[in-house]
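Colleague: Structure provided below as structure tokens; questions to follow.
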Amino acid sequence: MSAPSDRTAMRVWLAPFALLLAIGFPCVMRGQNGAPGAAKAPSAPKPATAGTTPDLSGVWRRTRRPPDNKRKYTLYEIALTLTNEEPPMTPWGLEKFKAARPNVGPHAVTLVQTNDPVAQCFPPGVPKIYLVRGAPLEILQAPGRVMMYFEYDHFVREIFTDGRQHTEDLNPTWMGESIGKWEGNTLVVDTIGFNEKTWLDYAGHPHSDQLHLVEHIQRTSHDTLVNDITIEDPEAYTKPWTSHMVFDLKPDWKIEETICEDNVNFSNLQKISESKK
């Protein structure tokens, strides 16, 4: 069972999710004892030795710790964005971005007005799957494969590490095809084969079927996982851009059931409310 305090906080997202995030919550750096201050430096993981595979396993959730103490950050900035800098878009990408109507963040509209595919229970795709509803994921490892098991809608992402190459003539899919390899303690994941039906993040940044992701995933300490993502899509962006994500280990959590269709009841209530205005 998950830790009660953390789990209760996360469940708040599963009901009035859009309203809470549209407001945004200021966050401060917390120390290990809960008081403001720098956290104790975590211990480094044991390096992989010859013939062994680094251990990335565990239940992880994107951190709620702000990147620095320079200012207060909203929960939207910390947990729901890929970058706080606008990526360099092509005219095609900019047109798509301007047409997006997100229901969270600084340009949020109501759930009635949003055209976010996730609001209609379509799969989030990658990398947005890391952001959805603040839900955790579990990493499971087996010979030749790394599995990402997401709490949100129980999506499963397979990353093959058995030396295979990408499939020729891939059919476009929501999650793409992921091929991984180990470079020291880092898992390098190359993903292609996406359809155009998802957003990259909650802000509505688009992509085409030429989307190419390269992720460098490393366990920098026992309790910390880092994922540096390079996003390349020549139809939507004029050059590659990057996202840096940090995840916290949740050793007392387990993956629970979060079904999108069950949570659309909140959307229905808001639609009824909007129709009476």
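The values are calculated or read from the model by the stated rules, or taken from the named source; none is laboratory data. Values in this document were obtained by computation on a predicted structure and should not be read as measured data. Every residue, glycine as well, gets a Cβ built from its backbone with ideal geometry; the counts of neighbours run over all protein chains shown.
Colleague: Please determine, by comparing only the residues of the stretch 184-198 that are over 14 Å from Asp233 (Cα atoms) and assigned to a loop (DSSP other than H, G, I, E, B), which one is farthest from the chain's Cα centre (by Cα).
Modeller: First, pick out the residues of the stretch 184-198 that are over 14 Å from Asp233 (Cα atoms): 184-189, 197.
Applying the additional criterion that residues be assigned to a loop (DSSP other than H, G, I, E, B) yields 184-185, 197.
Numbers: Gly184: 24, Asn185: 21, Lys197: 17 Å.
Here the answer is Gly184.
Colleague: Here is a follow-up. Any residue at all in the stretch 199-215 that is buried (at least 19 other Cβ atoms within 10 Å of the Cβ), at positive phi and assigned to a loop (DSSP other than H, G, I, E, B)?
Modeller: Among the residues of the stretch 199-215, at least one is buried (at least 19 other Cβ atoms within 10 Å of the Cβ), at positive phi and assigned to a loop (DSSP other than H, G, I, E, B), which makes the answer yes.
Colleague: If we keep just the residues of the stretch 51-95 that are of a type in the set (S, T, N, Q) and under 24 Å from His216 (Cβ atoms), which is nearest to the chain's Cα centre (by Cα)?
Modeller: Restricting to residues being of a type in the set (S, T, N, Q) and under 24 Å from His216 (Cβ atoms), the top hit is Thr81.
Colleague: Are any residues in the stretch 140-172 in a loop (DSSP other than H, G, I, E, B) and among the basic types (Lys, Arg), and if so, which ones?
Modeller: Of everything in the stretch 140-172, just one residue is in a loop (DSSP other than H, G, I, E, B) and among the basic types (Lys, Arg), namely Arg164.
Colleague: Name the residue that is nearest to Ser221 (Cα to Cα), counting only residues in the stretch 170-188 that are in contact (Cβ under 8 Å) with a residue 40 or more places away in the chain, touching a strand residue (DSSP E or B) at 6+ places or on another chain (Cβ under 8 Å) and not polar (S, T, N, Q).
Modeller: Restricting to residues being in contact (Cβ under 8 Å) with a residue 40 or more places away in the chain, touching a strand residue (DSSP E or B) at 6+ places or on another chain (Cβ under 8 Å) and not polar (S, T, N, Q), the top hit is Leu187.
Colleague: Out of (1) at pLDDT 95 or above; (2) crowded, with 20+ Cβ neighbours inside 10 Å, what's the single condition that is false for Thr258?
Modeller: In the conditions (1) at pLDDT 95 or above; (2) crowded, with 20+ Cβ neighbours inside 10 Å, Thr258 misses (1) alone.
Colleague: Same structure, new question: From the list Arg164, Arg145, Arg157, Arg133, which residue is among the basic types (Lys, Arg) and farther than 26 Å from Asp248 by Cα?
Modeller: Numbers: Arg145 fails: farther than 26 Å from Asp248 by Cα; Arg157 fails: farther than 26 Å from Asp248 by Cα; Arg133 fails: farther than 26 Å from Asp248 by Cα.
Every option except Arg164 fails the conditions.
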